[in-house]
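Asks: The following block contains the structure, expressed as structure tokens.
No value in this document is a laboratory result; all are computed from the given coordinates. The structure displayed is predicted, hence computed values, not measured ones. Cβ placement follows ideal geometry from the backbone for every residue including glycine, while neighbour counts extend to all protein chains displayed.
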Ligand code: SAH
């Protein structure tokens, strides 16, 4: 195995073609920093129809993924000792940046994507963690899986041009990022703040942290309830 391995069990492997057109991720694949192994659930289906789903016991709407094909697909995957299995479900723990950081030290992530009305409850036993990408319901686990692959890959050494860009960004520093500008300094009467053109690094630093605090209060004041922020002095020693 080379690089970080993503193994995905899915009924719709074609959905992952998107990954080949996603900048940083495409480069990571080209440089063999990541490997994406798609396991087509249909190939593990049962009978001549390759059946993967069935009606729920006890009645109710829709179809549910059967356990056997998913277990078979799972057992066919070569597992590294430093691996975790994630099950995509809107009932899971909501994905946070710190989860991506935590998983980036592994060398394999196995992702199980649900479809239809969901999956047989016994499939949960395969998972180390059940993950939701937000409090809404999609039709399948493919987009959640792509989100995880995308977010995790950009944290791997060698994928982003400048690893400093990871340090200050939103959700890493507990405060949202400050506003960013690039040339031109005046665009359709909208002016870049003078301080950013001043060349005064200390003032720029102060302005940025003020903006970070202001932005976080305006948009995500729930962050201030996080216990980590009570260590403000340690996190922002210059302030
Ligand atoms: N009836 C199920 C939802 C089924 S949605 C329930 O109430 O729990 C079909 C599949 O899409 C799920 O099995 C899951 O794999 C995926 N999915 C949908 N929304 C998701 C979300 N917010 N996060 C992660 N996976 C999701």
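Asks: Taking only the alpha-carbon positions of segment 115-233 and ignoring solvent, what does the Debye formula give for the base-10 log of I(q)/I(0) at q = 0.10, 0.11, 0.22 Å⁻¹?
Replies: With one equal scatterer per Cα and no solvent, log10 I(q)/I(0) is -0.53, -0.63, -1.29.
Asks: Rg and Dmax of segment 117-185 over Cα atoms: what are they, in angstrom?
Replies: Final numbers for Rg and Dmax: 17.3, 58 Å.
Asks: Moving on. Give me the log10 of I(q) over I(0) for segment 1-68 at q = 0.18, 0.27 Å⁻¹, as the Debye formula computes it from C-alpha points; what are the numbers?
Replies: Here the Debye-derived log intensity ratios amount to -0.77, -1.16.
Asks: Can you give the FRET efficiency for residue 18 and residue 236, using 1/(1 + (r/R0)^6), R0 = 22 Å, r = Cβ-Cβ distance, to the nearest 0.05? Please list the in-between numbers first.
Replies: Details: r = 38 Å, r/R0 = 1.71.
FRET efficiency, residue 18 to residue 236: 0.05.
Asks: Contact order normalised by length for segment 173-235, with contacts defined as Cα pairs under 8 Å and 6 or more residues apart; what percent is it? Don't skip to the answer; put the middle values down first.
Replies: Details: 31 pairs, mean separation 26.7, N = 63.
Relative contact order here is 42 percent.
Asks: Also, quick follow-up: Which of these, 215, 188, 102, has the largest mean-square fluctuation under a Gaussian network model of the chain (Cα springs below 10 Å)?
Replies: Answer for the Gaussian network model of the chain: 188.
Asks: Right, something else. If you scale each eigenvalue of the Cα gyration tensor by 5 and take the root, what three semi-axes come out for segment 4-153, rounded to whole angstrom and sorted largest first?
Replies: Over the Cα atoms of segment 4-153, the ellipsoid semi-axes are 25, 17, 14 Å.
Asks: Continuing with this model, one more query. What is the antiparallel percent of DSSP beta bridges lying wholly in the chain, to the nearest 5?
Replies: 20
Asks: How far apart, in nm, are the 7 Å Cα→Cβ label points at residue 26 and residue 163?
Replies: 2.5
Asks: With label points built 7 Å along Cα→Cβ from the Cα atoms of residue 78 and residue 185, find their separation and express it in nm.
Replies: With each label point 7 Å from Cα toward Cβ, the separation is 5.8 nm.
Asks: What FRET efficiency, computed as 1/(1 + (r/R0)^6) with R0 = 41 Å and r the Cβ-Cβ distance, is obtained for residue 194 and residue 105, rounded to the nearest 0.05?
Replies: Values: r = 42 Å, r/R0 = 1.03.
It comes out at approximately 0.45.
Asks: Here's a follow-up. In percent, what relative contact order does segment 110-239 have, based on Cα pairs under 8 Å that are 6 or more apart in sequence?
Replies: Computed over segment 110-239, the figure is 17 percent.
Asks: On to the next question. On the Cα set of segment 45-122, report Rg and Dmax in Å, please.
Replies: 15.0, 44
Asks: Shifting gears a bit: Measuring from label point to label point, each 7 Å out along Cα→Cβ, what is the residue 223 to residue 136 span in nm?
Replies: With each label point 7 Å from Cα toward Cβ, the separation is 2.2 nm.
Asks: Can you give me the Cα centroid spacing of segment 1-45 and segment 218-238 in angstrom?
Replies: 36
Asks: Tell me, what are the semi-axes, in whole angstrom and largest first, of the equivalent ellipsoid of segment 173-235 as set by the roots of 5 times the Cα gyration tensor eigenvalues?
Replies: Those come to 27, 14, 7 Å.
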